[in-house]
Number of protein chains: 2
Amino acid sequence: MIQLTETKKSIKPESPADKIIGQLKHLITSGQLKPGDRLPAERVLSEKFGVGRSYVREAILKLEFYGLLRTNPQSGTYVSGLSINVIDNIISDIIKFNKDDFNALIEARYHLEITAVKLAAERRTEEDLAEIKSASEDYENKLLNGADGAVEEDMIFHIKIAKASKNSVVESMILILIPDLIKNIVESKICGENRGKRAVAEHRKVLEAIEKQDVSLAEQAMAAHLDEIWQISKAGFATQHIIKQAEL
Amino acid sequence: MIQLTETKKSIKPESPADKIIGQLKHLITSGQLKPGDRLPAERVLSEKFGVGRSYVREAILKLEFYGLLRTNPQSGTYVSGLSINVIDNIISDIIKFNKDDFNALIEARYHLEITAVKLAAERRTEEDLAEIKSASEDYENKLLNGADGAVEEDMIFHIKIAKASKNSVVESMILILIPDLIKNIVESKICGENRGKRAVAEHRKVLEAIEKQDVSLAEQAMAAHLDEIWQISKAGFATQHIIKQAEL
DNA sequence: ACATAAAAATTGGTTAACCAAATATAGTTT
DNA sequence: AAACTATATTTGGTTAACCAATTTTTATGT
């Protein structure tokens, strides 16, 4: 049955902490709080915003992670020295940061993995190689044993490559995307019958390129591997999207 | 490529929340907590780990951001369905995630910006173009007015390009890196006398490429721009590194 | 007047207590 | 025995209270 009243798709109410972040942003953009200034005490802010101190702390914690605030224990929290313009742009992005955009997720993953595999081919140690090879074999075995999914084993393969890139930032970013990636891929029902075997062959090509430390070959092999996933994902997402709409 | 010896790790004592994350990781890797299971109540965990509930909540919040836990209000918190292997890898990375690795930071930024500028050249609207042009002019004016830094105006230029990429994930990742990037660039004293003028010329080339929607030209122009910063940064960091060591 | 020290106030760090929603349990009815 | 309901319990959500380190103020001595 069709319910028109409940058209809310993943509408998530703004969390209390995000609301505080928005308030702090306003304090800064309106000039009441300048770069380098000390924030009012957490208690003051919590009263000013009419909310518990926990949420103020949560907001501060988040902004600290993004490098916009710096807290000195038992002393105070300070706004970074960045210009108002920069701070404003970053805060705006923090509030609306989500990994729900399917296409953006796949696309970003594509480019990050290309970067990672090139670095990995250049820098991999023998240990890295062994780990990647092991992950590849696990994936093959899982498929041979009849499992039609093995998305996770696939991801382990990619994780090992990311680690071999010797770039902690690139690695972390890939790691951040992986859970949502898996979720979307599984939902898209990407893994078909033939897909597994082709993926195995693709993995082997990537592995060989890394072994030979052939950067451009590694890039090419990974691009081919991800391209296929990308295409299938798009198709799968399209149908999935239609299904979801029908469910309303 | 030159491998700089790892600098003294800024001795950061493991935060209480990170300690909890480590404990939770152990619970999962040891099999006491399986994928899909419900976590013990926050009160139970806080007592079990001998710490306040706040820290348990902070840890859960962090793991939720990374997609490893999912909390149902007033009901319970559940471990994601991801395999233990994947969870283990991601948690390990969360704990040691920091943006302190200078080379990794610059390198990751380089690749992200190349990706962003290619997408921006392809997808930019007229509004995007105007914003980027405006940021570029602001940068030029700041330099003309005698300021020798203008690192922040430079970054605004890059932020606008990231927004024009129409990929929220890529944009967010660039935004996350920017504060640390600025900090390192300023410390490296990159901005010399001639640097400013060259940067202006480089910006213009990037802008032109985006205007013409010439993807490969945009990539080339951005690569040239970032390459120079990269080289100078390395040198600046090397000396800075020596200075810091001397300060001990 | 200035320097120094003691005490009071303020800060973020941490824990405990309270609340409403969700769930499990006991009781009642059929 | 099964199904429904009222009640008690457990849960995460939220706030208030306490703590120790720090900063500011005040008092004191020279």
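The values are calculated or read from the model by the stated rules, or taken from the named source; none is laboratory data. Note that the coordinates shown come from a computational prediction; the quantities given were computed from them, not determined experimentally. Cβ atoms come from the backbone with ideal geometry, glycine included; neighbour counts cover every protein chain shown. Please note that ligands, DNA and RNA were not included when accessible areas were found on the heavy atoms of the full protein model with its side chains. Shrake-Rupley method; radii C 1.70, N 1.55, O 1.52, S 1.80 Å.
Of the residues making up segment A:43-59, those that are of a type in the set (D, E, K, R) and within 13 Å of chain B (Cβ to nearest Cβ) are A:Arg53, A:Arg57, A:Glu58. Kindly indicate whether any position in segment A:199-213 is surrounded by 16 or more Cβ atoms within 10 Å (Cβ to Cβ) and within 14 Å of another protein chain (Cβ to nearest Cβ). No, segment A:199-213 contains no residue that is surrounded by 16 or more Cβ atoms within 10 Å (Cβ to Cβ) and within 14 Å of another protein chain (Cβ to nearest Cβ).
For segment A:62-102, the candidate set comprises residues that are more than 9 Å from chain B (Cβ to nearest Cβ) and of a type in the set (Phe, Trp, Tyr); within that set, the residue that is nearest to DNA strand C (Cβ to nearest atom) is A:Tyr78.
Let's see how each residue does on (1) on the phi < 0 side of the Ramachandran plot; (2) among the small types (Gly, Ala, Ser); (3) in contact with a strand residue (DSSP E or B) (Cβ under 8 Å, 6 or more places away or on another chain); (4) within 16 Å of DNA strand D (Cβ to nearest atom):
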| position | (1), (2), (3), (4) |
| --- | --- |
| A:Leu33 | yes, no, yes, no |
| A:Lys48 | yes, no, no, yes |
| A:Tyr66 | yes, no, no, no |
| A:Ala104 | yes, yes, no, no |
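Of all the listed residues (B:Glu6, B:Glu47), the sole one being modelled with pLDDT of 95 or more and either assigned to a helix (DSSP H, G or I) or farther than 22 Å from A:Lys62 by Cβ (or both) is B:Glu47. Within segment A:50-59, the set of residues being more than 8 Å from DNA strand D (Cβ to nearest atom) and touching a residue at least 24 places away in the same chain (Cβ under 8 Å) comprises A:Val56, A:Glu58, A:Ala59.
For segment A:51-61, does any single residue satisfy the condition of being within 25 Å of A:Leu175 (Cβ to Cβ), under 25 Å from the mean Cα position of the chain (by Cα), surrounded by 19 or more Cβ atoms within 10 Å (Cβ to Cβ) and more than 10 Å from DNA strand C (Cβ to nearest atom)? Within segment A:51-61, one or more residues are within 25 Å of A:Leu175 (Cβ to Cβ), under 25 Å from the mean Cα position of the chain (by Cα), surrounded by 19 or more Cβ atoms within 10 Å (Cβ to Cβ) and more than 10 Å from DNA strand C (Cβ to nearest atom). In summary, A:Pro40 fulfils each of the numbered conditions (1) away from chain B (no Cβ under 14 Å); (2) in a helix (DSSP H, G or I); (3) within 15 Å of DNA strand C (Cβ to nearest atom) with the single exception of condition (2).
Within segment B:97-126, the set of residues being under 20 Å from B:Leu175 (Cα atoms) and among the charged types (D, E, K, R) comprises B:Lys99, B:Asp100, B:Asp101, B:Glu107, B:Arg109, B:Glu113, B:Lys118, B:Arg123, B:Arg124.
Checked against (1) more than 14 Å from chain B (Cβ to nearest Cβ); (2) open to solvent by less than 60 Å² (accessible area, probe 1.4 Å), A:Gln32 passes all but a single condition, namely (2).
Is it the case that B:Ile114 is in contact (Cβ under 8 Å) with a residue 40 or more places away in the chain and more than 27 Å from B:Glu228 (Cβ to Cβ)? Here the answer is no, as B:Ile114 does not meet what is asked.
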